[in-house]
Each structure stands twice: as C-alpha cells, then as structure tokens.
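Here the structure is laid out as structure tokens; the discussion comes afterwards.
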Amino acid sequence: MEWLLSRGFTRDEFGARRKALAAAIGPDATALIQGGSRPAGMSAGTGQSKQFFYLSGVEIERSYLLIEGGSGSSTLFVPMDQVGEGHHETATLSESDLPEFARIAGIDSVKPVSEMTRELAHATTLYTPHEPAEHAAETRGTVRLSNRYRAADEWELRGSREERLISLAKNRFSDLEIRDLSPILDEMRLIKSAAEIEVMKEAGRITAVMANECMKASIPGLPLRTLTAVGKYTYWMEGECPEGYDWLITPSTESSDTLVDGDLILMDCGPEYLNYTSDIARIWPINGRYDEWQRHTYGFIVEYHKELISRLRPGVVAQDVYDDAAKSMRSRFARDSTAIAMIDSMVARGVRYLNHTVGMSVHDNVKQWHGDPLKTGMVLVVDPMIWLENVPHTYVRVEDTVVITEDGCERLTEAAPIEIDEIEALMREPSRFS
C-alpha cells in the first residue's frame, strides 16, 4: 500500500500541515479538501490535485479529506469501486485494508466515500477551497483560463469542480456556513518546509543538468525537435520525471526548424518531480561562442542578475531590491550609454524581477506578497529581463530559482552556469548525444 503514498516526505510532515490548518480555521469549523479526478489519459497516478497532496500525500484520486478544526483529527474518504479496465483501473483499497492504510498514511481514520455525507451532517462551518486546484503541469492561472473558456461556451458544462462541490454542499446541508479555505492554504504554501526545500533542490539539480546537456548538444544545423528531445530524455534519465510546464525553447531565428550559426537560443524549463518543480532560463550561443553584441547584452543581464541575488535576505522588500540594484547598475555602467538605456527601459517597464514563487506549481502562490518583506523559506525566481528592438534576439534574460535563507539566499539551479566563459567552456565538452 506504500505505493499509494508520496515519496519524498514523511507522514509526520503531512500531519504537521493538517495540524497547522486546523489551528487556522479554529475549533468550531471543519475543512473539506477534494482530491483530483481520474485523468483522461492512459497514465495512472497523475490525477491528484496539488492541494490535496499537500495535506495528505495520498495519491488515490476521487478521495476527500475532512479535517476537524482545533484538534486536527482527520478522516480520509476513498472510493471503494474500481472503474475502467486493464491497466487503467483506478487505485482503490478494500475495506479490510483501511485501518492499515490509515496507520501507514498517519491519518486518524480512512473510510469509504459513501460515509462522507453522514460525517458532514455534524459540521456547522465548512472551509473548502474556492480557488481551482492545480494538477501536474498546471498553475492556478492556466486552470482559471481554462475555466473561463468553458464558461464562455454555451454548449459546455459550466462551473469548476470547486464550484460544483460548494453547490452540492449547500443543497444537501442548507444550514451549513461555507467559507473559503484557499487564503489559508496559500499562506501555508508560501513558506517551504525543510523537506520541501530538499525536494526542490533535487528538482533544481535535474533542470540544471537538462539545461547543461542541451547547451553541449547545441550545434548549427541541429533540428530544434532534436534539442527538445535531448531535454525530455535528460529529465527522465535524471529524475524519472516529465516537464513541469510547457517549456520555452526559442532560437533567434524563430522561423527556422534548425539551429542557425550565430543565433542565441533561450530555454525556460522545469521538471515535475515528486509533485514539485523548479524554474530556470538560460541563453547560449548555438555555435558555442558569444559575439561582441551577445557578450555585451547577455553579460549585462548576468551582472543585473547577480546584483539582485546579492540583496536577497529575510526582511527586504522586492521593490527596494529593484531600486537598489538599478542604482548600483547605473553607477557601474555610467560610461556605457547602451547599458544605461537598457536600465532606463527596464525600470520604466516596471518588471517584477522576483516575478513569482515556485513550489508544487511553477507559479506556486498567487498571494500578493510582493509588498511584504521576504521570509526565510520562501522559494522564488530571480529573473531580470530586457526587451529590445531591431536586434537578433529581442528578449534577453537569466532566471534562477532561489530559496531565502536565514542570512541570504541559495540558488537551487546554480549547477547550470550563467557566466559567459563558463558556458563557452561547457559547450566545448562532448555531448552524451551524437
């Protein structure tokens, strides 16, 4: 039965999260979290929602988790039927398995879904997420967009799973007060535990190795699809995982199906590793040598990147980091009119270089934290970028995933070099792919 649980975390980790949630909703409330539904594809075990996983570690889809406020006593409701045929059967338990599975999972009680109505009848205040749950390779933003498209289609079934669950609860329990659990879960997910950071370090390593292999494999004339295949193969060989989102791989000559001598190529990627991901962006010359313009423009962004990272620590506010970095860069490049123009353009655009947090989704938390001081345990991206006109590569950036530590930050994706000389040296190494 262990295969129905997550790797990478202990049952105590999930138990502590449920206790924290129970304390947040208070002793007179109950929380209900809906598990993911069976995915339409042939791959089993990929349908669990991120927020359900976060509180349980249980991979059984079509499950529900009920958490009592205050005490944190939790009941997991699992389906007892088997749907499908062949290897596509839904993972289920028999009733005789439930006590043992409860022990293994560290959950107080495991019951059939058919008993959940009776349990909910005792609730007076029910917290359940109102925001859409992410699944593998999704963010809340992509799910919201999908829901908006569906809502605009007069022939489509409208309403998200969260909305339908809320509607059913209101219809079946007319006196039940329903509140939004999403803000509480978002606040919890903003700060990563030591175990989460360890998993994300491995996700960062995997994506850095993938970027390095793609750098070494890049040569003029290589089909773009081949470079994409190198990246996907490396993910599976390094971490037995797919990509965590639709990655970006863009050469300067976007219309070409093959890599062009003299072009730069931009790669933005991250894996789906044990329900967590990472985020990285690297730009390198296809022929292995930065020309004069590339060295200047890309090198400028690298220096901006390092200025930002050097200022990250608990207690600082993102906007202060941006202002201090711009001031320092203006001083350093005072005699370089092109660099000063780029700084002015970046400041005028108001780009958030600490663009988003990262965790179970690449855009992990939509809580508006940008005006708040950074905290130890936050994992976010550092991503300075510049948009240019009438040049071979109009969009230049360098992105790393970092975790805020007690006295600064740690780059989780630093195994992929950013310095010009280091990238050129790496690209002279032989590729494992002919």
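The values are calculated or read from the model by the stated rules, or taken from the named source; none is laboratory data. The shown structure was predicted, so the numbers you read here are calculated from the model rather than taken from an experiment. So basically every Cβ, Gly included, is an ideal-geometry build from the backbone, and we count neighbours across all protein chains shown.
Does TYR233 count as assigned to a loop (DSSP other than H, G, I, E, B) and of a type outside the set (D, E, K, R)?
On the way: assigned to a loop (DSSP other than H, G, I, E, B): no; of a type outside the set (D, E, K, R): yes.
No; evaluated as a whole, the condition is false for this residue.
Could you check region 322-331 and list, in sequence order, the residues that are in contact with a helix residue (DSSP H, G or I) (Cβ under 9 Å, 6 or more places away or on another chain) and either among the charged types (D, E, K, R) or farther than 22 Å from ASN355 by Cα (or both)? If you could, list the steps in order and put the result at the bottom.
Initially, region 322-331 is screened for residues in contact with a helix residue (DSSP H, G or I) (Cβ under 9 Å, 6 or more places away or on another chain), giving 322-326, 328-330.
Scanning region 322-331 gives ASP323, ASP324, ARG330.
Would you be able to tell me the number of residues in region 236-260 that are assigned to a loop (DSSP other than H, G, I, E, B), acidic (Asp, Glu) and on the phi < 0 side of the Ramachandran plot? Break it down stepwise before answering.
The initial filter retains those residues of region 236-260 that are assigned to a loop (DSSP other than H, G, I, E, B), namely 240-242, 244-247, 252-257, 259-260.
Now narrow it down to the ones that are acidic (Asp, Glu): 240, 246, 254, 257.
Right, trim to on the phi < 0 side of the Ramachandran plot and you get 246, 254, 257.
The qualifying residues number 3.
Within region 5-23, which residues are in contact with a helix residue (DSSP H, G or I) (Cβ under 7 Å, 6 or more places away or on another chain) and closer than 17 Å to ILE33 by Cβ?
Answer for region 5-23, where residues must be in contact with a helix residue (DSSP H, G or I) (Cβ under 7 Å, 6 or more places away or on another chain) and closer than 17 Å to ILE33 by Cβ: LEU5, SER6, PHE9, ARG11, GLU13, PHE14, ARG17, ARG18, ALA20, LEU21.
Quick check: anything in region 197-208 surrounded by fewer than 16 Cβ atoms within 10 Å (Cβ to Cβ) and modelled with pLDDT of 95 or more? Outline the logic, then answer.
In the first step, residues of region 197-208 are kept if they are surrounded by fewer than 16 Cβ atoms within 10 Å (Cβ to Cβ); the result is 198.
Cutting the leftovers down to modelled with pLDDT of 95 or more gives us 198.
So far as region 197-208 goes, yes, one or more of its residues are surrounded by fewer than 16 Cβ atoms within 10 Å (Cβ to Cβ) and modelled with pLDDT of 95 or more.
Go through (1) surrounded by 14 or more Cβ atoms within 10 Å (Cβ to Cβ); (2) in contact with a helix residue (DSSP H, G or I) (Cβ under 8 Å, 6 or more places away or on another chain) one by one and return the number of the condition ALA334 breaks.
(1) is the only condition that ALA334 fails.
So, in region 382-415, of the ones that are in a loop (DSSP other than H, G, I, E, B) and under 20 Å from the mean Cα position of the chain (by Cα), which residue ends up farthest from GLY299 (Cα to Cα)?
Ranking the candidates gives THR405 first.
Output the number of the condition that LEU248 fails; it satisfies all remaining conditions of (1) buried (at least 16 other Cβ atoms within 10 Å of the Cβ); (2) modelled with pLDDT under 95; (3) under 23 Å from ILE386 (Cβ atoms); (4) within 16 Å of the chain's Cα centre (by Cα).
(1)
Filter region 160-180 for residues that are out of contact with any Asp or Glu (no Cβ under 9 Å at 6 or more places or on another chain) and either closer than 21 Å to ALA22 by Cβ or in contact (Cβ under 8 Å) with a residue 40 or more places away in the chain (or both) and give the result.
Listed by number, the residues that qualify are ARG161, LEU165, ILE166, ALA169, ARG172, PHE173, ASP175, LEU176, GLU177, ILE178, ARG179.
Being of a type in the set (A, V, I, L, M, F, W, C), in contact with a Pro (Cβ under 7 Å, 6 or more places away or on another chain) and either buried (at least 22 other Cβ atoms within 10 Å of the Cβ) or outside any loop (DSSP other than H, G, I, E, B) (or both) is the filter here; which residues of region 264-317 pass it? If you could, list the steps in order and put the result at the bottom.
In the first step, residues of region 264-317 are kept if they are of a type in the set (A, V, I, L, M, F, W, C); the result is 264-267, 269, 274, 280-281, 283-284, 286, 293, 300-302, 308-309, 312, 316-317.
Then drop every residue that is not in contact with a Pro (Cβ under 7 Å, 6 or more places away or on another chain), which leaves 264-265, 286, 301, 308, 316-317.
Listed by number, the residues that qualify are LEU264, ILE265, ILE286, ILE301, LEU308.
Taking the conditions exactly as written (surrounded by 12 or more Cβ atoms within 10 Å (Cβ to Cβ) and modelled with pLDDT of 95 or more), does ILE104 satisfy them or not? Before you say what the answer is, go through the steps one by one.
On the way: surrounded by 12 or more Cβ atoms within 10 Å (Cβ to Cβ): yes; modelled with pLDDT of 95 or more: no.
Considered against the rule, which asks whether it is surrounded by 12 or more Cβ atoms within 10 Å (Cβ to Cβ) and modelled with pLDDT of 95 or more, ILE104 comes out as no.
Residues that are outside the structural domain of ARG144 (by TED's automatic domain parsing) and surrounded by fewer than 17 Cβ atoms within 10 Å (Cβ to Cβ): does region 354-364 have at least one? Show your work before the answer.
Just the residues of region 354-364 that are outside the structural domain of ARG144 (by TED's automatic domain parsing), to begin with: 354-364.
Narrowing the set further to residues that are surrounded by fewer than 17 Cβ atoms within 10 Å (Cβ to Cβ) leaves none.
No, region 354-364 contains no residue that is outside the structural domain of ARG144 (by TED's automatic domain parsing) and surrounded by fewer than 17 Cβ atoms within 10 Å (Cβ to Cβ).
Could you check how many residues of region 341-378 are part of a loop (DSSP other than H, G, I, E, B), farther than 20 Å from ASP407 by Cβ and not hydroxyl-bearing (Ser, Thr, Tyr)? Show your work before the answer.
Restricting attention to region 341-378, the residues satisfying the condition of being part of a loop (DSSP other than H, G, I, E, B) are 350-356, 358-377.
Now restrict to residues that are farther than 20 Å from ASP407 by Cβ: 350-353, 355-356, 358-371.
From the residues that got through so far, the ones that are not hydroxyl-bearing (Ser, Thr, Tyr) too are 350-352, 355-356, 358-360, 362-371.
Residues that pass the stated criteria total 18.
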